[in-house]
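Peer 1: Please read through the structure below; I'll follow up with questions.
The values are calculated or read from the model by the stated rules, or taken from the named source; none is laboratory data. Please read all numbers here as calculations on a predicted model, not as lab measurements. Virtual Cβ from ideal backbone geometry, glycine too; neighbours counted across all protein chains shown. Please note that ligands, DNA and RNA were not included when accessible areas were found on the heavy atoms of the full protein model with its side chains. Shrake-Rupley method; radii C 1.70, N 1.55, O 1.52, S 1.80 Å.
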Amino acid sequence: MAITLVNPDGLPKIDVYRQVSVATGSKLVFIAGQVAWDAEGVTVGEGDLTAQVEQCYLNIGTALAGVGGSFDDVAKLTAYVVDWTPDKMPALLEGISRAAEKLGVTPVPPVTLLGVAALDIPDHLVEVEATAVID
């Protein structure tokens, strides 16, 4: 495994993810922002942020498997959430937890969360992109 996740002393300890990832592998993988589409391009969880977050993470897992990696190889995630407000945090964290359980990954790597006005289509509430390092 090319990624080591750490919560250094002096930074807040977040249960769901780690603050820092250290990469030692040689193959960089950049995954385009994943939305809540299934394999046929149908939106999963219309109007449901939790279900959409889960699908985004599962899509990243699928993309990684397609290039010989797994979610354990992810160094950094960026999540874009439409009309973000702090009251949406429980739904976001539940979606991450569901996906992490299905993917067998805990904790997840560092995540940057950005609120945005809109995504590609009105049905999409969240988009998640990833950077991974594979040995």
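Peer 1: What is the sum of charges, Lys and Arg at +1 and Asp and Glu at -1, for the other residues whose Cβ falls under 15 Å from the Cβ of A118? Intermediate results must be reported in sequence, preceding the final value.
Peer 2: Working: positive: none; negative: D83, D120, D123, E127.
Residues close to A118 contribute a combined charge of -4.
Peer 1: Efficiency by 1/(1 + (r/R0)^6): what FRET value for A65 and Q19, r their Cβ-Cβ distance, R0 = 35 Å, to the nearest 0.05?
Peer 2: Numbers: r = 26 Å, r/R0 = 0.75.
E between A65 and Q19, to the nearest 0.05, is 0.85.
Peer 1: Using θ = phi - 60° and the Karplus curve 6.51 cos²θ - 1.76 cosθ + 1.60, what whole-Hz ³J(HN,Hα) does each residue of segment 75-89 get, with Gly and Pro shown as x?
Peer 2: Residue by residue, segment 75-89 yields 8, 7, 10, 10, 10, 10, 10, 5, 6, 4, 9, x, 5, 8, 4 Hz.
Peer 1: Give the angle, between 0 and 90 degrees and rounded to the nearest 10, that separates the Cα long axis of helix 49-66 from the longest principal axis of the Cα atoms of the chain.
Peer 2: Helix 49-66 sits at roughly 50 degrees to that axis.
Peer 1: Relative to the Cα centre, what is the charge dipole magnitude of the chain, using +1 at the beta carbon of each Lys and Arg, -1 at the beta carbon of each Asp and Glu, and rounding to the nearest 20 debye?
Peer 2: Details: 7 positive and 18 negative charges, 105 e Å.
Dipole about the Cα centre, nearest 20: 500 debye.
Peer 1: Please tell me the relative contact order of segment 1-73 in percent, rounded to the nearest whole number, where contacts are Cα pairs under 8 Å and at least six residues apart. Before the final figure, lay out each step's value.
Peer 2: Working: 72 pairs, mean separation 19.2, N = 73.
Reported as a whole number, the value is 26 percent.
Peer 1: Carbon-plus-sulfur fraction of the accessible area of segment 29-135, 1.4 Å probe, in percent?
Peer 2: On the way: 2780 of 4950 Å².
The computed percentage sits at 56.
Peer 1: For the chain, compute the orientation-averaged projected area of the C-alpha convex hull (one quarter of its surface), in nm². Could the numbers behind the result be given before it?
Peer 2: On the way: hull surface 31.9 nm².
The orientation-averaged projected area of the Cα hull of the chain comes to 8.0 nm².
Peer 1: Rounded to the nearest whole Å², what accessible area per residue is found for the chain with the 1.4 Å probe?
Peer 2: Values: 6930 Å² over 135 residues.
Counting only protein heavy atoms, the per-residue value for the chain is 51 Å².
Peer 1: Starting at the first residue of segment 122-128, write each ³J(HN,Hα) from the Karplus equation 6.51 cos²θ - 1.76 cosθ + 1.60 with θ = phi - 60°, in whole Hz, x for Gly and Pro.
Peer 2: So the Karplus estimates, Gly and Pro as x, are x, 5, 8, 9, 8, 9, 10 Hz.
Peer 1: Tell me, what is the percent relative contact order of the chain, built from C-alpha pairs under 8 Å that lie six or more residues apart?
Peer 2: It comes to 39 percent, rounded to a whole number.
Peer 1: Can you give the % of DSSP beta bridges in the chain that are antiparallel, to the nearest 5? Write down the numbers at each step before the final one.
Peer 2: On the way: 18 of 25 bridges.
Bridges in the chain are about 70 percent antiparallel.
Peer 1: Under a plain spin-label model, where a point goes 7 Å from the Cα along Cα-to-Cβ, how far apart in nm are L11 and L113?
Peer 2: About 1.6 nm, to one decimal.
Peer 1: Can you list the HN-Hα couplings for segment 23-32, worked out from phi with the Karplus curve (6.51, -1.76, 1.60; θ = phi - 60°), rounded to whole Hz and with x for Gly and Pro?
Peer 2: Here the 3J(HN,Hα) series is 9, 10, x, 10, 10, 8, 10, 10, 9, 4 Hz.
Peer 1: What does the C-alpha gyration tensor say about the overall shape of segment 20-98? Classify as rounded when a/c is under 1.5, otherwise prolate if a/b is larger than b/c, or oblate.
Peer 2: Details: a/c = 2.43, a/b = 1.46, b/c = 1.67.
It is oblate, given that a/c is not under 1.5 and a/b is not larger than b/c.
Peer 1: Which lysines have a Cα lying under 25 Å from the Cα of K13, excluding residues fewer than 8 positions away in the same chain?
Peer 2: Leaving aside lysines fewer than 8 places away in the same chain, those within reach of K13 are K76, K88, K102.
Peer 1: If you filter segment 1-72 for GluC sites (Glu not before Pro), then keep DSSP loop positions with at most 13 other Cβ within 10 Å, what is left? Provide the component values of the computation, followed by the final result.
Peer 2: Numbers: sites: E40, E46, E54; in loops: E40, E46.
Passing both the DSSP loop test and the Cβ count: E40, E46.
Peer 1: Could I ask something else about it? What is the sum of charges, Lys and Arg at +1 and Asp and Glu at -1, for the other residues whose Cβ falls under 9 Å from the Cβ of G25? Please list the in-between numbers first.
Peer 2: Details: positive: K27; negative: D73, D135.
Once all neighbours under 9 Å are counted, the net charge is -1.
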